[in-house]
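The values are calculated or read from the model by the stated rules, or taken from the named source; none is laboratory data. If you're wondering where the values come from, they're calculated on a predicted model, not measured in any experiment. For neighbour counting, all protein chains shown are included, and Cβ atoms are generated from backbone atoms with ideal geometry for every residue, glycine included.
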Amino acid sequence: MHPLLSIVIPAHNEESRLPWTLEQVWSFLQQQDFEGEILVVENGSSDRTLYLAEEFSRQHSSVHVLQETPAGKGLAVRRGMLHAQGEYRFICDADLSMPIEEVLRFLPPSAPEYDIAIASREVPGAQRFGEPAYRHFIGRIFNFMVRTITLPGIQDTQCGFKCFRAQVADDLFRVQTIDGWTFDVELLFVALRRGYRVLEIPIPWYYRAGSRVRIFRDSLQMLADLFRIRLNSLRGRYDPPE
């Protein structure tokens with residue numbers, strides 16, 4: 001019997017945050033009346049992330065550790081999503097900037113019908129706590145570019161908490177081409193082209209220091225990725241199989 005929920009945690013150099021996050025997520029799942037699993041995808045780390053994840057896995061059932069040697073969040077998430085068994089598959093950042101209890105809002109009966117539900121820090125009802133003004137400003141500039149070039153209707157593509165129905169995850173992650181930070185923009189772009197229902201759910205979000213994003217270098221690559229998505233679309237790369 002498949003679990004209801006798979007929680008996929010990409011982890012690159014997360015030895016300082018991952019143990020606490022795993023304890024929080026495991027404790028949350030133990031309190032639910034449904035089956036769940038945790039998949040940690042270690043992703044090109046140079047610290048003890050893999051060791052700590054495997055130690056936790058040995059002591060806790062339904063925790064699985066995968067490894068992708070090249071760094072790339074999109075690569076790690078794709079591996080976890082295609083390996084997951086849950087009816088709902090939830091991407092969860094290792095910093096746990098969204099309280100794990102909020103996951104229940106992405107599951108029935110709390111959530112309306114959807115194919116993809118994304119946590120949003122921008123739609124009415126959302127709250128941000130402790131975020132430096134400059135980071136918020138940079139994020140809104142990038143979102144403006146996302147809405148201009150690829151996704152005109154979505155207010156927050158980059159929040160690291162997203163839930164996919166199993167069949168939708170299997171469809172979308174198999175056509176994903178971007179292995180870096182902009183993978184989720186690509187997935188949402190393809191999802192809308194294929195007629196999937198995308199829902200933005202307002203969440204409380206807490207700023208955690210230690211982001212792996214290098215603001216200037218990665219921002220340039222992310223901008224280039226937006227044009228790559230449009231080019232892939234023109235070439236038919238995202239067309240569904242006949």
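Under the condition of being under 15 Å from the mean Cα position of the chain (by Cα) and hydroxyl-bearing (Ser, Thr, Tyr), the residues counted in the stretch 86-141 number 3.
Can we say Arg79 is under 23 Å from Leu172 (Cα atoms) and basic (Lys, Arg)? Working first, answer last.
Details: under 23 Å from Leu172 (Cα atoms): yes; basic (Lys, Arg): yes.
Here the answer is yes, as Arg79 does meet what is asked.
Would you check if Phe137 is in a helix (DSSP H, G or I), modelled with pLDDT under 90 and aromatic (Phe, Trp, Tyr)? Yes; evaluated as a whole, the condition is true for this residue.
Looking at Ala117, Ala94 in this structure, which one is touching a Ser or Thr at 6+ places or on another chain (Cβ under 6 Å) and either aromatic (Phe, Trp, Tyr) or buried (at least 19 other Cβ atoms within 10 Å of the Cβ) (or both)? On inspection, the qualifying residue turns out to be Ala94. The residues on offer are Leu66, Leu39, and the sole one that is buried (at least 24 other Cβ atoms within 10 Å of the Cβ) and in contact with a His (Cβ under 7 Å, 6 or more places away or on another chain) is Leu39. Listed by first and then second residue, the pairs linking a residue in the stretch 45-59 that is without any contact (Cβ under 8 Å) to a residue 24 or more places away in the chain and within 18 Å of Leu75 (Cα to Cα) to a residue that is surrounded by 14 or more Cβ atoms within 10 Å (Cβ to Cβ) and of a type in the set (Asp, Glu), with Cβ atoms under 8 Å apart and 6 or more places separating them unless they lie on different chains, are Leu50/Glu42.
Every residue, every condition in (1) in contact with a Phe, Trp or Tyr (Cβ under 9 Å, 6 or more places away or on another chain); (2) of a type in the set (Phe, Trp, Tyr), yes or no:
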{"site": "Phe34", "(1), (2)": "no, yes"}
{"site": "Glu37", "(1), (2)": "no, no"}
{"site": "Val40", "(1), (2)": "yes, no"}
{"site": "Asn43", "(1), (2)": "no, no"}
{"site": "Asp47", "(1), (2)": "no, no"}
{"site": "Glu54", "(1), (2)": "no, no"}
{"site": "Ser57", "(1), (2)": "no, no"}
{"site": "Ser61", "(1), (2)": "no, no"}
{"site": "Thr69", "(1), (2)": "no, no"}
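For Pro99, the stated conditions do not hold, so it cannot be described as without any contact (Cβ under 8 Å) to a residue 60 or more places away in the chain and farther than 28 Å from Ser233 by Cα.
How about the stretch 120-166: which of its residues are among the basic types (Lys, Arg) and free of Cβ contacts under 8 Å to residues at least 40 places away in the same chain? Break it down into steps so the answer makes sense when it comes.
In the first step, residues of the stretch 120-166 are kept if they are among the basic types (Lys, Arg); the result is 121, 128, 135, 140, 147, 162, 165.
If the condition is that a residue be among the basic types (Lys, Arg) and free of Cβ contacts under 8 Å to residues at least 40 places away in the same chain, then Arg140, Arg147 are the ones that fit.
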